[in-house]
1. Counting only residues that are in contact with a helix residue (DSSP H, G or I) (Cβ under 6 Å, 6 or more places away or on another chain) and within 21 Å of residue 223 (Cβ to Cβ), how many does the range 266-292 have?
2. Does residue 119 meet the test of being under 18 Å from the mean Cα position of the chain (by Cα), surrounded by 24 or more Cβ atoms within 10 Å (Cβ to Cβ) and assigned to a helix (DSSP H, G or I)?
3. Quick one: how many residues across the range 227-254 are assigned to a helix (DSSP H, G or I) and either modelled with pLDDT of 90 or more or buried (at least 20 other Cβ atoms within 10 Å of the Cβ) (or both)?
4. Within the range 159-200, work out how many residues are at pLDDT below 80 and farther than 30 Å from residue 260 by Cβ.
5. Kindly list the number of the only condition in (1) farther than 20 Å from residue 10 by Cβ; (2) under 15 Å from the mean Cα position of the chain (by Cα) that fails for residue 166.
6. Enumerate the pairs (first residue in the range 255-268 and on the phi > 0 side of the Ramachandran plot and in a helix (DSSP H, G or I); second residue anywhere and surrounded by 24 or more Cβ atoms within 10 Å (Cβ to Cβ) and modelled with pLDDT under 95) with beta-carbon separation below 8 Å, excluding pairs fewer than 6 apart on the same chain, so at least 6 apart or on different chains.
7. Considering only the range 153-173, how many residues are crowded, with 23+ Cβ neighbours inside 10 Å and over 9 Å from residue 26 (Cβ atoms)?
8. Any idea which of 216, 277 is without any contact (Cβ under 8 Å) to a residue 12 or more places away in the chain, part of a helix (DSSP H, G or I) and over 14 Å from the mean Cα position of the chain (by Cα)?
């Protein structure tokens, strides 16, 4: 049953969407949270981190492409799409516990988990956009903040479950995903601003890029994505590399990995609130510039001897690397035609996550070949290109003020 557009959205709707998003996106890094156990139990190589992380990304890309081609998020009730995707993603996440797994089956299971995450993350943003026509930047700030917390949560689970079987992390994340999907299905009907699609529209994949402001937002997002998931995937390695250089230092790597990623959730909320007063593009530009500075300064962070400064640097990087994510999604949603808004968000996600595979594999290869902490400077290539894409839009926003 669809709400009237004149009816005020109940305040608890956003809370349900945010909690469901957190629960379901905990599937994303569930494999990373137990990576050491997977390597030991299934006799995997040291390169498995990059491969298993990329498998999730590739699955997500494939899923978003299928969802976009068939305009699934626009043709069907998005809460139902979200729920079915959450339940299937949870099922394939549990498959990682199968004792006969090989690298091939693990890659397949993580791929399928990523495939159904395509019905969770962009569809969750679509649901929020259907409810909040104004103040979308604040709503998506909370929503992407939930994604960040969900992404980091497996690291916290691992850190808290010392002495418990490693499968505990997988049981918990799959259980949360099931709960989140059911919550969305029963508690969140179609939003008042939803405009259903009229069938399969193959031209939608190309039509959304005809608008200049949409292209500016999309290309800014692509630059942001080059850096984001590679940074997240390699946080445990950043911490362990610093320990190797400074033997007197001892980190609780799962806990600090959680904290460095999770603090980005707070930054997403703060960025959304600031954008409401200062402008979406302006805050996105500031966050992307700050994360570029972190990329360029990363070699210096390793050679300085204070572990407190190193952790502070990573915490700051963890904030600014993702603070612009809901802002780019807001710009994409605002500049897409209403009847294909879900498809627009999905196809931009598809391209953005395709880019993450390249950056993750590049850093993974260079890490094993060069054994150098200077390689993270290359993550700055994305923010540079993203800032160039945002520049014209930023100037036009300033002119309108």
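The values are calculated or read from the model by the stated rules, or taken from the named source; none is laboratory data. Because the structure is a prediction, the values reported are computed rather than measured. Counting neighbours? That spans all protein chains shown, and the Cβs are built from the backbone with ideal geometry, glycine included.
1. 17
2. Working: under 18 Å from the mean Cα position of the chain (by Cα): yes; surrounded by 24 or more Cβ atoms within 10 Å (Cβ to Cβ): yes; assigned to a helix (DSSP H, G or I): no.
Judged against the criteria, residue 119 is not a match.
3. Start the filter on the range 227-254 by keeping residues that are assigned to a helix (DSSP H, G or I), which leaves 227-233, 235-245, 253-254.
If we keep only those that are either modelled with pLDDT of 90 or more or buried (at least 20 other Cβ atoms within 10 Å of the Cβ) (or both) as well, we get 227-233, 235-245, 254.
Looking only at that region, the number is 19.
4. Residues meeting the conditions: 11.
5. (2)
6. Going by the 8 Å Cβ cut-off, there are no qualifying pairs.
7. Summing the residues that are crowded, with 23+ Cβ neighbours inside 10 Å and over 9 Å from residue 26 (Cβ atoms) in the range 153-173 gives 4.
8. Values: 216 fails: without any contact (Cβ under 8 Å) to a residue 12 or more places away in the chain.
Among 216, 277, only 277 is without any contact (Cβ under 8 Å) to a residue 12 or more places away in the chain, part of a helix (DSSP H, G or I) and over 14 Å from the mean Cα position of the chain (by Cα).
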